Amino acid sequence: MRKIKRTYLTISLVLGLIILADLFFLFFLFGQIRDYSQLLSSGQKQIDLLEQERKELEKIKTFYKEERPNIEKIENVFVDSETPLGFIDFLEKTASDSGLAIEIPSIKKEAGKGFFSSLTLEISLKGPFPNLMRFLEKMENSSYLIEILRTDIRRIEEKKLGEKGFEGLKSGDVTANLSIKVSAK
């Protein structure tokens with residue numbers, strides 16, 4: 001009887017150890033499953049976030065493609081402060097188309113508030129008064145942000161006609177000295 005009790009006791013102990021080992025293994029296994037589940041959940045959240053960012057980026061790309069002409073127009077509003085040749089060409093062509101002689105004796109760069117600076121130009125124009133008005137109208141309607149700071153318009157005296165710098169002008173023509181400020185990038 002003692003042998004049977006000892007056998008039962010041994011079997012019970014072995015079964016208890018097996019059950020205890022299984023419980024420990026299952027606890028460890030469920031802990032690993034929980035950790036991997038949380039990792040998978042956070043990975044899914046990151047994937048969802050990246051997918052949302054991708055959709056937003058696609059919206060931005062679509063908006064940029066649709067609005068590109070307007071963006072280019074906005075960029076053309078500002079004169080290049082380092083090399084304002086495009087703006088000077090515009091002034092010279094506009095003066096020529098208006099039938100005026102033009103000189104640009106000075107250009108001064110000014111630091112502005114925020115991102116943009118400005119250029120201040122002194123312009124001297126000679127020609128008929130209606131042509132000067134046409135020139136000013138074309139400047140006003142141009143794509144540049146121009147502010148006229150100072151205007152000095154004088155009729156050319158008869159005695160100056162034919163002098164150096166006044167060749168080709170007629171009686172009644174004017175000289176105009178303008179100081180303009182143009183927004184630059």
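Observations
- Within segment 139-154, restricting attention to residues that are outside any helix (DSSP H, G or I) and aliphatic (A, V, I, L, M), the residue that is nearest to the chain's Cα centre (by Cα) is Leu145.
Residues are listed down the side, and each one gets a yes or a no for (1) surrounded by 10 or more Cβ atoms within 10 Å (Cβ to Cβ); (2) touching a His at 6+ places or on another chain (Cβ under 7 Å); (3) aliphatic (A, V, I, L, M):
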| residue | (1), (2), (3) |
| --- | --- |
| Tyr8 | yes, no, no |
| Phe27 | yes, no, no |
| Leu49 | yes, no, yes |
| Pro69 | no, no, no |
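- Leu91, sole failed condition from (1) of a type in the set (A, V, I, L, M, F, W, C); (2) within 55 Å of the chain's Cα centre (by Cα); (3) loosely packed, with under 11 Cβ neighbours inside 10 Å: (3)
No value in this document is a laboratory result; all are computed from the given coordinates. Keep in mind it's a predicted model, so treat the numbers as computed, not measured. With ideal geometry, Cβ positions are generated from the backbone for all residues, glycine too; neighbour counts draw on all protein chains shown.
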